[in-house]
Ligand SMILES: N[C@](CCCC[B-](O)(O)O)(CCN1CCCCC1)C(=O)O
Ligand SMILES: [Mn+2]
Ligand SMILES: [Mn+2]
Ligand SMILES: [Mn+2]
């Protein structure tokens, strides 16, 4: 099968410098070669270039920061991911901040309207224009995909193709008040770190998949924010939150999803190679690479 690496050097969904260099670090760590080793035919035609919009031409809309830039970049990525999916390839999107998932998941649903989404994250990323406190759009992509909140003309290209019953979270531990309300109101299934502790990761993944993919016959889009992992495991990321997934728990999720045979798209997001010392950056980049390998067929006993 063919894997298409979509390198997205993008940081407009949040305020910290450096996350746009996540893709180049993941590629330079040898990820394409590692995936070829697994038997994938790897397509990588270079990182995408996103031309800037100067701040004067992209003033905030309400609280939303860099709205036109984020919208334009996500729309472009939706097309790229959709085209790869249409050709029967598996798009692996390397971030870059998690606002990009507005694009990647839109692309997946173009080709796989019956898909489900497993969102692995410390955060809900489901704020609307009304509930966001930061205005950082990396905290909002899920609300756009579900069609929640007030309509913003600049984001009119985003179709509400994701239904609440096709979304499940694993790893939540830093959810804003407004997001908690949205999750409840929409009946969205979320396995927080409490459930991970209570049931163990094996059971959590089984219950999560039973919820969104009971017959294991639906395409799966896995969107993995490395800040779902404990900061001791993935320190160099923009919004670290203590009490996260262990190295093994993170990899188990990826291994189990690969085992379903349903994976059609994968995002590895929020690796920011500029927020920690050299060893911690290396560690975070290495974890991003190993998560991708586990989701794409690497097993412990081969
Ligand atoms: N919910 C947050 C964080 C979003 C993280 C995005 B991700 O998951 O892609 O990394 C946090 C909002 N706020 C920050 C200050 C303290 C209160 C919560 C937000 O900015 O909306
Ligand atoms: Mn996220
Ligand atoms: Mn996060
Ligand atoms: Mn982040």
Of residues in region 205-232 being part of a helix (DSSP H, G or I) and under 19 Å from the mean Cα position of the chain (by Cα), the one nearest to ligand 4 (Cβ to nearest atom): 227
Selected residue (only one of 279, 234, 228, 256 is without any contact (Cβ under 8 Å) to a residue 12 or more places away in the chain and farther than 21 Å from residue 85 by Cβ): 279
Just checking, which of 92, 100 is away from ligand 1 (no atom under 14 Å from the Cβ), under 11 Å from the mean Cα position of the chain (by Cα) and not in a loop (DSSP other than H, G, I, E, B)? 92
Subset of region 233-271 (residues that are assigned to a loop (DSSP other than H, G, I, E, B), under 30 Å from residue 88 (Cα atoms) and more than 16 Å from ligand 3 (Cβ to nearest atom)): 261, 262
Mind listing just one residue for me: the one in region 233-244 that is crowded, with 24+ Cβ neighbours inside 10 Å and within 30 Å of residue 110 (Cβ to Cβ) and, of those, nearest to ligand 4 (Cβ to nearest atom)? 238
Residue selected from region 1-49 under the condition part of a helix (DSSP H, G or I) and within 16 Å of ligand 3 (Cβ to nearest atom), by the criterion nearest to residue 63 (Cα to Cα): 19
Sort through 70, 80 and tell me the only one that's within 16 Å of ligand 4 (Cβ to nearest atom) and part of a helix (DSSP H, G or I). 70
Any idea how many residues of region 104-126 are closer than 19 Å to residue 72 by Cβ, more than 16 Å from ligand 4 (Cβ to nearest atom) and under 10 Å from the mean Cα position of the chain (by Cα)? 1
The lone exception for residue 280 - which of (1) at negative phi; (2) under 15 Å from the mean Cα position of the chain (by Cα) it fails: (2)
Could you go through region 146-161 and let me know if any residue there is within 16 Å of ligand 3 (Cβ to nearest atom), within 24 Å of residue 266 (Cβ to Cβ), in contact (Cβ under 8 Å) with a residue 40 or more places away in the chain and in contact with a strand residue (DSSP E or B) (Cβ under 9 Å, 6 or more places away or on another chain). no
Would you confirm whether or not region 278-298 contains a residue that is more than 14 Å from ligand 4 (Cβ to nearest atom), surrounded by fewer than 16 Cβ atoms within 10 Å (Cβ to Cβ) and in a loop (DSSP other than H, G, I, E, B)? no
Given the structure, is residue 94 within 16 Å of ligand 2 (Cβ to nearest atom), modelled with pLDDT of 95 or more and more than 19 Å from residue 15 (Cβ to Cβ)? yes
Failed item, numbered, when residue 134 is tested on (1) out of contact with any helix residue (DSSP H, G or I) (no Cβ under 8 Å at 6 or more places or on another chain); (2) within 16 Å of ligand 2 (Cβ to nearest atom); (3) closer than 22 Å to residue 264 by Cα: (3)
Somewhere in region 105-112, is a residue assigned to a loop (DSSP other than H, G, I, E, B), farther than 26 Å from residue 180 by Cβ and modelled with pLDDT of 95 or more? yes
Taking helices (runs of 4 or more DSSP H) that do not extend beyond region 118-199, which have at least 3 residues that are buried (at least 21 other Cβ atoms within 10 Å of the Cβ)? 141-146
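The values are calculated or read from the model by the stated rules, or taken from the named source; none is laboratory data. Everything numeric here is computed off the predicted structure, so don't read it as measured data. Here the Cβ is made from the backbone with ideal geometry for all residues, glycine too, and neighbour counts use every protein chain on show.
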